[in-house]
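The values are calculated or read from the model by the stated rules, or taken from the named source; none is laboratory data. These figures come from a predicted structure and were not determined experimentally. A quick note on method: Cβ atoms are made from the backbone with ideal geometry, for glycine too, and the neighbour counts reach across all protein chains shown.
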Amino acid sequence: MEFTGKTAVLSGAASGMGLLTAKCFAKEGGNVVLSDVNPETLQAAVDEVNQIREGCAIGVPCDVRDYEQVCAVRDAAVETFGSIDLLVNWAGGAETRMLNCKGHEFPDTPIEVYDWGLDVNLKGQLHFDHAVMKQMREQKSGVIINIGSITGEEGCQKNVAYSAAKSGAMNGLTKSLALYGGNYGIRVCCISPGPVLTRPGMAKMKTLLGRAAEPQEMVDMVMYLASDKAAFITGVNFLMDGGRNVMRNKE
Ligand SMILES: NC(=O)c1ccc[n+]([C@@H]2O[C@H](COP(=O)([O-])OP(=O)(O)OC[C@H]3O[C@@H](n4cnc5c(N)ncnc54)[C@H](O)[C@@H]3O)[C@@H](O)[C@H]2O)c1
């Protein structure tokens, strides 16, 4: 029970890797604040996590684009459980898929689509980092995990904003906040997944290892980075892509 008495705040926790992180953290004795933009799926997710240990989870609906809503998640976490020991910024997604705006070239895609891509995938993470860092600074402890993507390394003709947000932007954010957080015992890292089977479609993305990742493989890394075993790790991005990024070098 590695996380007994600890509290995790997870954005985008109504599905996929966010929900899985919530379950794993609860199974290890921790409390979880799940937040997501979709209130219905969020409530179902909270109910599932509370089945692991009654009362260990609460849900706070929140659109990561709205800083006040993000602060309300932080405040609910502190009021209910007293501290925030882990933040994982799972909320995100590629704009043309999430907004169902496919089939256009870059200049013909409405600018609002790219605004959404940057607001959710970059500003949303900055919002949560900013709000939660305030609490962690008071505690003089905590771990923040930002979420990048292999798409940031590779570029993407369709999801231009997603790629921009999940690449150097996420690296710069992570390194900058690690520099600041180091003054207060706060570690900040980034995980950049390759294809992960939260959707069957990811199976067709090639990797050096010949498969996509199981969601649990990403969440295992989160659990490691959140633990004291990773107490010397901060300011780095972990590209967990099954070697996809080096495939082009293969002879
Ligand atoms: N699945 C992959 O192959 C893969 C690869 C690289 C990176 N990632 C990243 O990992 C994260 C989680 O991916 P997943 O596959 O578990 O996705 P998912 O779609 O299952 O989960 C993302 C969650 O974010 C929520 N969300 C979307 N917009 C939001 C907003 N404005 N405010 C709050 N919540 C919002 C969604 O409702 C959803 O529950 C995402 O950031 C994704 O970009 C995933």
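Of all residues in the range 9-27, those satisfying the criterion of being more than 10 Å from the ligand (Cβ to nearest atom) and either closer than 15 Å to Asp220 by Cβ or more than 14 Å from the chain's Cα centre (by Cα) (or both) are Ala22, Lys23, Cys24, Phe25, Ala26, Lys27. Taking every residue in the range 192-213 that is touching a residue at least 24 places away in the same chain (Cβ under 8 Å) and pairing it with any residue that is away from the ligand (no atom under 11 Å from the Cβ) and outside any loop (DSSP other than H, G, I, E, B), at least 6 positions away or on another chain, the pairs with Cβ-Cβ distances below 7 Å are Ser192/Asn237; Ser192/Phe238; Lys206/Met247; Leu208/Val246; Leu208/Met247. All of (1) in contact with a Pro (Cβ under 9 Å, 6 or more places away or on another chain); (2) surrounded by fewer than 24 Cβ atoms within 10 Å (Cβ to Cβ); (3) in contact (Cβ under 8 Å) with a residue 12 or more places away in the chain; (4) over 27 Å from Ile150 (Cα atoms) hold for Gln69 with one exception: (3). With respect to being in contact with a Ser or Thr (Cβ under 7 Å, 6 or more places away or on another chain) and either within 15 Å of the ligand (Cβ to nearest atom) or part of a loop (DSSP other than H, G, I, E, B) (or both), Cys71 falls outside the description.
Among the conditions (1) surrounded by 17 or more Cβ atoms within 10 Å (Cβ to Cβ); (2) closer than 22 Å to Ser163 by Cβ; (3) among the hydrophobic types (A, V, I, L, M, F, W, C); (4) away from the ligand (no atom under 13 Å from the Cβ), the only one that Cys101 does not satisfy is (1). If you take the residues in the range 53-66 that are buried (at least 16 other Cβ atoms within 10 Å of the Cβ) and more than 10 Å from the ligand (Cβ to nearest atom), which one is nearest to Val120 (Cα to Cα)? Per the criteria, the residue is Val60.
Only one of the numbered conditions (1) of a type in the set (A, V, I, L, M, F, W, C); (2) within 16 Å of Thr151 (Cα to Cα); (3) in a loop (DSSP other than H, G, I, E, B) is violated by Met202, and that is (3). It is to be established whether one or more residues within the range 74-87 are without any contact (Cβ under 8 Å) to a residue 40 or more places away in the chain and under 24 Å from Leu126 (Cβ atoms). Checked against the condition, which is being without any contact (Cβ under 8 Å) to a residue 40 or more places away in the chain and under 24 Å from Leu126 (Cβ atoms), the range 74-87 yields at least one hit. For the range 154-205, a tally of residues being out of contact with any helix residue (DSSP H, G or I) (no Cβ under 9 Å at 6 or more places or on another chain), among the aliphatic types (A, V, I, L, M) and within 11 Å of the ligand (Cβ to nearest atom) returns 2.
Of all the listed residues (Met223, Met218), the sole one being within 23 Å of Ala91 (Cβ to Cβ), more than 12 Å from the ligand (Cβ to nearest atom) and not in a loop (DSSP other than H, G, I, E, B) is Met223. On the basis of being out of contact with any Asp or Glu (no Cβ under 7 Å at 6 or more places or on another chain) and at pLDDT 95 or above, does Val37 make the cut? So Val37 fails the test. Scanning the range 28-52 for residues that are in contact with a helix residue (DSSP H, G or I) (Cβ under 6 Å, 6 or more places away or on another chain) and away from the ligand (no atom under 11 Å from the Cβ) yields Asn31, Val32, Val33, Val49, Ile52.
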